[in-house]
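The values are calculated or read from the model by the stated rules, or taken from the named source; none is laboratory data. Source: prediction; values computed, not measured. As a convention, Cβ positions derive from the backbone with ideal geometry for all residues, glycine included, and neighbour counts pool all protein chains shown. These area figures cover heavy atoms from the full protein model, side chains too; ligands, DNA and RNA do not enter into them. Shrake-Rupley method; radii C 1.70, N 1.55, O 1.52, S 1.80 Å.
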Amino acid sequence: MTTVTAINAEEGAGLYALAHLDALESEAVHIFREVAGEFERPVILFSGGKDSIVMLHLALKAFAPAAVPFSLLHVDTGHNFPEVIDYRDNTVARHGLRLHVASVQEFIDDGRLRERPDGTRNPLQTVPLLDAIDKNRFDAVFGGGRRDEEKARAKERVFSLRDEFGGWDPRRQRPELWQLYNGRHSPGEHVRVFPLSNWTELDVWQYIAREKIDLPQIYYAHEREVFRRSGMWLAPGEWGGPKDDETVERRMVRYRTVGDMSCTGAVESDAVTIEQVIDEIAASRLTERGATRADDKLSEAAMEDRKREGYF
């Protein structure tokens, strides 16, 4: 049930404001319905990570009791955490959704992409993503990006226009006063839509707690084999880690964000419940991407450079 809080007005008029999480939820639901009314072939990017899980939960709420009128799209690097892929497949089956999978491995196998020397495949996702958008003629693509994650995302609009090559140009973004969204685009262009733009990591976790949303267990503290590289705890796997001089250890860790295994670091933690995770995040002074994503540390403008090329 939506919570309302009374506001004292000078004339004592009956003014009310939604509680914080209800306001964020209402905004996101409005965005989903706006896209359903404006676009012909929207799709939701769904990786099985917490932000895409919350985004799907909001989409289900926006159209209940009807089915979600969008399909899902996952760009599969081939280096995903098994727990996350299992969660993705179970969620799709439970809600009877249609899932498109764009495989990085297929692009490597047929020569359209080349494996990177460092083994990470996160930067390789752009080409399969744009190919899937073009092939399926998606005109709106929902993403779980939030402005608090990274400085390049802090200047992202809710409706983010992308050109015919999937590129992002900050000079072409439209104002969004009074939550009025302009979805007009030319043939070949599309719009990325970010319903969680105004959420923080703490908001996401508090909403997960309130709505009792299940997550993959890697978001909670567990014992896992990891090794240290560039100040982060990475999980060994077929992607190429660890090197000869890197020692594998068993530690209690959890993941704040989930991406390709080769560039997503774990944090040491004993937070095994959602309440403990929320307390841990509230005390943190590092963003989740700043603390755990090696791909964002390639350069000062790594995220912005990838966005200009068509990245999420």
Tell me what the chain gives for mean residue ellipticity at 222 nm when only DSSP H runs of n ≥ 4 count, each as -39,500 (n - 2.57), the sum divided by the residue total, rounded to 500 deg cm²/dmol. -9500 deg cm²/dmol
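At 37 °C and a viscosity of 0.692 mPa s, what translational diffusion coefficient does Stokes-Einstein give for the stretch 215-297, taking Rh as the Kirkwood radius over Cα pairs? Give it in µm²/s as a whole number. Don't jump to the answer; show the numbers that get you there.
Details: Rh = 13.0 Å.
After rounding, the answer is 252 µm²/s.
How much accessible area per residue does the stretch 19-153 have, counting only protein heavy atoms and a probe of 1.4 Å, in square angstrom? Don't skip to the answer; put the middle values down first.
Numbers: 5660 Å² over 135 residues.
Each residue of the stretch 19-153 exposes 42 Å² on average to a 1.4 Å probe.
So for the chain, if I pair up every lysine 8 or more residues apart or on another chain, how many of those pairs have alpha-carbons under 13 Å apart? All intermediate terms of the calculation are to be shown ahead of the outcome.
Numbers: K50/K212; K151/K297; K151/K307; K155/K307.
Total qualifying Lys-Lys pairs in the chain comes to 4.
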Pulled fully out, how much extra length does the chain show between E189 and A283, if you take 0.36 nm times their separation in residues and subtract their Cα-Cα distance? 29.7 nm
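Carbon-plus-sulfur fraction of the accessible area of the chain, 1.4 Å probe, in percent? If you can, show how the numbers build up before the last one.
Details: 7490 of 15170 Å².
Of all accessible area on the chain, carbon and sulfur atoms account for 49 percent.
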Go through T91, Q276, F70 and say which Cα lies farthest out towards the positive end of the charge dipole of the chain; charges sit on Cβ, +1 for Lys and Arg, -1 for Asp and Glu. F70
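How much accessible area per residue does the stretch 215-297 have, in Å², with a 1.4 Å probe?
Values: 3900 Å² over 83 residues.
Here the residues of the stretch 215-297 average 47 Å² of exposed surface.
Going highest first, how would you order 250-258, 272-280, 43-51 by mean Cβ packing within 10 Å? Mind showing how you got there, number by number?
Details: 250-258: 19.6, 272-280: 15.3, 43-51: 23.2.
Packing order, densest peptide first, comes out as 43-51, 250-258, 272-280.
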